[in-house]
Every structure is written in C-alpha cells, then in structure tokens.
Amino acid sequence: MTSSVATSEHETGSLRDRVMDLVRATEIDGRLLGMIVTLIGIEIGFGLYTGGSILSPVNLLTFATQAVQIAIIATGMVLVIVSRNIDLSVGSVLGVVAMTYAVLMHEVFPTTIGVDTPYGWLIALGAGLLIGIILGAIQGFLIAYMKIPSFVVTLGGLLAFRGLVFDISGGSTQAPDDTQFVVLGGGPLGSLGGTISWAFGAVIIVAIALYLYYNRRQRRRFGFPVRPMWAEVGIGVVGLLIVVGGVAISNAYHWPAGLIEQYAAQHGISPEGLVIEAGVPWPAVILLAVTLVMTFLATKRKFGRYVYAIGGNPEAAELGGINTRWTIMKIYILMGILCAISAAISSAQINGATNDLGNGYELLVISAAVIGGTSFAGGVGTIPGAVLGAIVIYALRYNLQYIGLPSNNQDIVIAVVLIAAVAFDTYSRRNAT
Amino acid sequence: MSVQQQPEPRPPAAPPPGGAGAANVTPAAVAGGATAPLVEMRHISVAFGGVKAVDNVSIDVRPGEVVGLVGGNGAGKSTLMRSLSGAHKADSGEILIDGKPVTIANPRDAKNAGIETIYQTLALADNINAPANLFLGREILTGVGTLDDSAMEDATRKVMGRLNPNFKRFRSPVRNLSGGQRQSVAIARAVHFNAKVLIMDEPTAALGPAETEQVRELIRQLKSEGLGIFLVSHDIHDVIDLAERISVMYHGRLVGTVDKTDVTIDEVLGMIILGQPPDKLNREQIQSLR
C-alpha cells in the first residue's frame, strides 16, 4: 500500500486527489495524459542537457518522421494484441511490400510504362497494398479458421516473408524509387510547405471544435451528464495549442542551402535571402490519417467493438452471436494494409529498398503498443496510446543517439522504459480495484 | 406442500398468448395442457466423444410457465440448454417453436427465434461497459453505420431502471461492478430484446439473499408477462418455489417431467439422486435419502 512509485509526479495525497478529480472531469484517458507528460519530460530533460540544441525543428521532425513507420503498424498491433493474438511478421511483410514497390519502380516500369510517369507510383502503391492484403489474409485465415496459434503462424510469416524479399529482389538492393513516390518519405521535398501547413492546421482545429460540439450535443440529446464547460474549452484550447505548435515547428524548418540553390536556378531567381518553409511532412499527415481511421474503426464501428469483446471474453463474444473468426481474419488483413502503408514511407525515406528493410520492426511495434498501454491479457489498449508509445521510443532513441550513447545502450534504456510502463500499468490496475 | 400463489399480472404486462381467458390461466391449468408448448425439444442427443452427455431427451415449456430443470452434476442439464441456446449444436433430435421445427446452429439462430439465455458464467465481456455488453452482437447503429453509443446507453438506462433502479455505472467496464450488478446486466440483456423463451442457468448461484429474492421476483414477473422459462438449478427449493413443472435429468437421460403439485420434495430428490421416476420408487428408497 505504501510503496512509492518512482515515476509518480504527485507529492501529497490531497493534491494528488485534486489533480485526479480535475483529470476525471475532462474524461481524458489518464494513461494517455501520463505518456504526453513523459514525452514532454524527455524532451525538456534532453533539451536542458544539450543546451536546447536537441529541440531544434530539424531534430524534432527527424525523430517524429522516423517514428511514423512504427506508429502506423502499432495502431493495428493494438487490435491484434487486444484480441489475444500477436503478429511477429510485420517487419517481413513490410520488407516484401517495400521491395515490391522498389522493384516495380526501378526494374519493371522503366522497360514497360516508363520512368516517372504520372501514375506509375500509384500502380506500385496499389500492387503493394494488394500484396499486403494477401499476406495478411493468408495468416489471418490460418489463425482464425484453422485455429493455428497466431504466434506460430506469424513466426512462420516472419521467416518465410523475409525469404520472399530476397526472391523478389534477386538479392540486391533496389534503388531509386519514382521521384513522386519519394515525397511520401518526408524531408524538405516531402512536406506540405508553409502555407498549406497552416491551412491543414486550421482544418484540424475546426474538426476538433466540431467533434467536441457534436459529442456534447449528442449527450445533451439523451439527457446524459456532460463534461463541465471549462473542461470542453480546456480540451479545445490544448488541441489548438498542439496543432499550432506542431505547424509552427514544422514551418520553422527551412529548406537547406543546397536545395534553395537548385530551386532558385530552376526558377531563374536569386538564391540570396530566399527562405522556403518545409512545413508538415507527409509521413506525419499519413500517420494522422491512419490514427484517425483506426481510432474510428476501433471505437465507432462494430468491428472494433467485437475485437475488444473477443479480447475481454472470447466465449461471451461467441455466445453474443459475433462472427469471431471473420473478425480475427479482418484484423490480420488490416495489418497487411498498414504494413503496406508503412512500407511506402520506409521505402520512400531510403529511396529504394534493401533486403533487410523492416528487420526487427516487430519488436519495436509490439513495444510501442505495450508502452502505449496495450495489455497482453487481452481486451485493453488504445490506438492513440500506441502512436504515443512509438513516438516515446523514437524520442528516446534519437535523443540518446544525439548525446552519443551507443546503440546497444539505447536498447537497454528502451527496455527499461518498456518494463517500467508495464509495471506501472500492473501497479495502477491493482490499486484501482 | 403448499400450492404456490399465482402472482397478479402487472398492468403493463402483455397478456400471455394462447387465446380467450389466457390472462387468468393458473399454473395448474397451464400444466394441464390448456396451451400449446412454446418450445418443444424432441429426442435431443448430444455426445462428446463416446460420452452421451444428453441421451434422447424431450422437454417443453409453455407460455407463462417455468419449467425447472434439475439433476446432479454432469446430469446433462446445461448441455441440453446449450443446444437450445445455440452454444452447442445437438447431434440429433428436433426443436419446435410454436409448433414449427427450427434449426438452431449458433447463438444467433436462437436469438432470432426469441430464445435468450442467462448463462451461469454470465458471459459478459469484462472490459467493456454495460450498454456495450447488453447490445453485444446486436448493436444500435446510426444512419451512417457507426455505433450509436448514446442510444444504447439510453436504452440500457431504461431497462435497468426497471430491473435494478440502483444501477448507476453505465460507463465503467463491467469488471468494476459487483456480482449482483453484473447479474442484472446479464438479465437485462436477456429480457431487453422481447424474448419469448428464457433459459436461466443457475441464476442465483452467485448472489446474496437480497439479490436472490430480486431475481425470484423478476422470474415471477416475466412469467406473468407470458414468457416461457427454463430454470436450471441445483437448488431444489428455488425450483419448487418458482416452477410449475419439474424435469429431472440423471446421467444424460430424462428421468421424467412431473407436475409440481403431484409430487413431494422427497420424490423429486429421489428422482435426482436415484434416477427413478416416483412410481418406481418405494418408501424405503425415499427414506434412505434422509
């Protein structure tokens, strides 16, 4: 009872209770709030340690863009683990799809439809998506209908699909990708630009406001208790600050000198004093879209409800008349789609595909989901949590690398965070009941 | 043994189907065959491997009637009921609802036929809230196909207002609820969808005295509304108190179905323990049970 938690931010009981009451009134997931606080703490800590240099826009954008590939797959891994399954094959599926993209654009298209055609990259994306769906469906079928444990099936997938990568590539690295495809990877050329970024931010702010309004009206309609007004406004203001802050940081990153000179030469203007704001990188836009769609599927659709019900009590789900097998198979098809999206970003970032692309991602993705509050007991986990989990992992990785910690020791730190997060969950759950 | 008092039908209660004068049907008249059976299970057999868990059993229930299904552990009561609720398909035999044969291959078939089940385990998903459990598999959707959580919460508040007015925790996962509250969620799920037939598997096994009395009162109310109820129970007193007829199973077989008014509690115990119908039991055998 009196054992203290090292990570606890609360000093006294009464203050803690008051803070908890305030948090409860906003109906925000305390776990998510804790992760945001942790993330801000990490950034401030490293910021102080490095005299602020680590908080430069380019550093923040770099680790965020790297985290995207893990975060996208982690949104699906939440549903996999919630339904009491696992997917070890994600890195290999990503590898197969990324290699498909690269081979199509590097080897197939030049001899068929030509290089850098307006639609070539879309054909590649479509083909990759289809392969992701097929690989996901095969594994999902074996797990859901043949009742083979998911650990075994996806362990097989991990091995077999990595082997398939070499078959597709012929053993060599495939590069480069289509120049339009590369935009998906982010960087100065793969971002929205200053003006569009602000417009994008404005759309999000309006969407947040509408969402809050709609929810409140919906609860009023049925006469349910609503959040206090200060909490609604508070959530709106925090959302506004996050969006404005994100766009401002993105826009504070300017094109480097080399690109400016190229651009000036192409447009016949002087590079002197020319400043181009990069803006929000495309991977961040894609991650936002994926997170919204996945959260929608998980919380607003029957599919998501069934996934959580299966995780909470598989027998109850079956007795409720739910088609549990088709639900499980759909989760794995969804994983294939997410791997294909992530593969596009991974491949675009390195402008091609290597045979080991995606190697070891399964562990990072699972770690992100678990740090984000997903429980291996099943039935518990949130998609925004997993996204934040991925960002926390990459914030740590990038910052530790920045201060010169060797990569083996980065892994040790991440392992400690992983176990601490689960320990915290176990502790708080035990105290809650 | 005292004759059970017939509860007064409540004003909002639907009159039991079955023709003229049905509203005044007494349990004895029902048991006497005044009404056609709501559900008939004929010659049902279920085997697990070589073991016949249910062996050629036929039982039925009529509108506004409670049929107690009793027997020792492993007698096959729950297995028989699971084949009616769609949890496990019977190997042979037929099920008739309102005289028409139906196929019940899964829980959805049973629910579509108006058969609802309250399982001994309650079959709740602990990680989701009461409205989500109540509508599990039968969610209310909005016009654009999303879950209408507000409408489901509203409906849950209404049904709980009737069953358990003290219930307030509509938004927390049911794992945080007390045993009685969880039980009321499971019952609400069964009665909300206008069931014709209710299967209650040990509905009071995990409850305290006050909550048990609440469930008994609810059973009487539902009976007066014209539902047919199969009450599976270990508790012979529960069954004697609530049921019109009692079907006794022994090692997978049906020992017999008796009218409550025709038998003594000792004779029922004899059927349960010795597996013999009352007319085959002699005084010494019954005495030996004491």
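Quick grid of which residues meet (1) within 14 Å of another protein chain (Cβ to nearest Cβ); (2) touching a Ser or Thr at 6+ places or on another chain (Cβ under 9 Å); (3) farther than 24 Å from A:VAL58 by Cα:
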site	(1), (2), (3)
A:SER367	no, no, yes
A:ALA377	yes, no, yes
A:VAL387	no, yes, no
A:VAL392	no, yes, no
A:GLY404	no, no, no
A:GLN410	no, no, no
A:VAL413	no, no, no
A:TYR427	no, yes, yes
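Could you tell me which numbered condition A:ASN351 fails, if it satisfies all but one of (1) within 14 Å of chain B (Cβ to nearest Cβ); (2) over 14 Å from the mean Cα position of the chain (by Cα)?
A:ASN351 satisfies all of (1) within 14 Å of chain B (Cβ to nearest Cβ); (2) over 14 Å from the mean Cα position of the chain (by Cα) except (1).
Could we say that B:LYS223 is under 22 Å from B:MET41 (Cα atoms), within 20 Å of the chain's Cα centre (by Cα) and open to solvent by 60 Å² or more (accessible area, probe 1.4 Å) here?
No; evaluated as a whole, the condition is false for this residue.
Return the residues of the stretch B:227-239 that are modelled with pLDDT under 90 and within 22 Å of B:GLU40 (Cα to Cα); say none if nothing qualifies.
B:SER233, B:VAL239 - these are the residues of the stretch B:227-239 that are modelled with pLDDT under 90 and within 22 Å of B:GLU40 (Cα to Cα).
Only residues that are open to solvent by less than 60 Å² (accessible area, probe 1.4 Å) and over 18 Å from A:ASN85 (Cβ atoms): list them for the stretch A:161-179, please.
Passing the criteria: A:ARG162, A:GLY163, A:VAL165, A:ILE168, A:SER169, A:GLY171, A:SER172, A:GLN174, A:ALA175, A:ASP177, A:ASP178.
State whether the residues of the stretch B:216-225 include one that is closer than 20 Å to B:LEU163 by Cβ and not in a helix (DSSP H, G or I).
yes
Name the residues in the stretch B:257-266 that are buried (at least 16 other Cβ atoms within 10 Å of the Cβ), over 16 Å from B:ILE44 (Cβ atoms) and under 20 Å from the mean Cα position of the chain (by Cα), would you?
Of everything in the stretch B:257-266, those that are buried (at least 16 other Cβ atoms within 10 Å of the Cβ), over 16 Å from B:ILE44 (Cβ atoms) and under 20 Å from the mean Cα position of the chain (by Cα) turn out to be B:VAL258, B:LYS260.
Scan the stretch B:110-130 residue by residue and report those that are open to solvent by 30 Å² or more (accessible area, probe 1.4 Å), more than 8 Å from chain A (Cβ to nearest Cβ) and under 27 Å from B:VAL39 (Cβ atoms).
Hits for the stretch B:110-130 are B:ASN112, B:GLN120.
Condition test on A:TYR361, is it more than 14 Å from chain B (Cβ to nearest Cβ), open to solvent by less than 20 Å² (accessible area, probe 1.4 Å) and either aromatic (Phe, Trp, Tyr) or more than 17 Å from the chain's Cα centre (by Cα) (or both)?
no
Return a yes/no flag: does the stretch B:175-190 have any residue that is in contact with an Asp or Glu (Cβ under 8 Å, 6 or more places away or on another chain), touching a residue at least 24 places away in the same chain (Cβ under 8 Å) and under 22 Å from B:SER83 (Cβ atoms).
There is at least one residue in the stretch B:175-190 that is in contact with an Asp or Glu (Cβ under 8 Å, 6 or more places away or on another chain), touching a residue at least 24 places away in the same chain (Cβ under 8 Å) and under 22 Å from B:SER83 (Cβ atoms).
Filter the stretch B:217-233 down to the residues that are within 18 Å of B:THR257 (Cβ to Cβ) and of a type outside the set (Ser, Thr, Tyr) and list them by number.
Hits for the stretch B:217-233 are B:LYS223, B:GLY228, B:ILE229, B:PHE230, B:LEU231, B:VAL232.
Pick out the one residue from A:THR291, A:THR327, A:THR299 that is within 13 Å of chain B (Cβ to nearest Cβ) and either open to solvent by 20 Å² or more (accessible area, probe 1.4 Å) or closer than 23 Å to A:SER197 by Cβ (or both).
Every option except A:THR299 fails the conditions.
Any idea how many residues of the stretch B:154-194 are closer than 30 Å to B:GLU40 by Cβ, more than 14 Å from chain A (Cβ to nearest Cβ) and not in a helix (DSSP H, G or I)?
Count: 1.
Please specify each residue of the stretch A:224-264 satisfying the condition of being crowded, with 17+ Cβ neighbours inside 10 Å, touching a strand residue (DSSP E or B) at 6+ places or on another chain (Cβ under 9 Å) and not in a strand (DSSP E or B).
Correct list: A:SER250, A:ASN251, A:TYR253, A:TRP255, A:ILE260.
Take the residues of the stretch A:190-223 that are aromatic (Phe, Trp, Tyr) and within 14 Å of chain B (Cβ to nearest Cβ): which is least open to solvent (accessible area, probe 1.4 Å)?
A:PHE222
Kindly indicate whether any position in the stretch B:131-153 is touching a residue at least 40 places away in the same chain (Cβ under 8 Å), in contact with a Ser or Thr (Cβ under 7 Å, 6 or more places away or on another chain), buried (at least 22 other Cβ atoms within 10 Å of the Cβ) and within 12 Å of another protein chain (Cβ to nearest Cβ).
Looking through the stretch B:131-153, at least one residue is touching a residue at least 40 places away in the same chain (Cβ under 8 Å), in contact with a Ser or Thr (Cβ under 7 Å, 6 or more places away or on another chain), buried (at least 22 other Cβ atoms within 10 Å of the Cβ) and within 12 Å of another protein chain (Cβ to nearest Cβ).
Restricting attention to the stretch A:354-405, which residues are aromatic (Phe, Trp, Tyr) and in a loop (DSSP other than H, G, I, E, B)?
The answer is A:PHE376, and nothing else.
Answer yes or no as to whether A:THR50 is open to solvent by less than 40 Å² (accessible area, probe 1.4 Å) and at pLDDT below 95.
yes
The values are calculated or read from the model by the stated rules, or taken from the named source; none is laboratory data. Nothing here was measured: the structure is a model prediction, and the numbers come from that model. FYI the Cβ positions are ideal-geometry reconstructions off the backbone, even for glycines, and counts take in every protein chain you see. Surface accessibility is based on the protein's heavy atoms, side chains included, excluding ligands, DNA and RNA. Shrake-Rupley method; radii C 1.70, N 1.55, O 1.52, S 1.80 Å.
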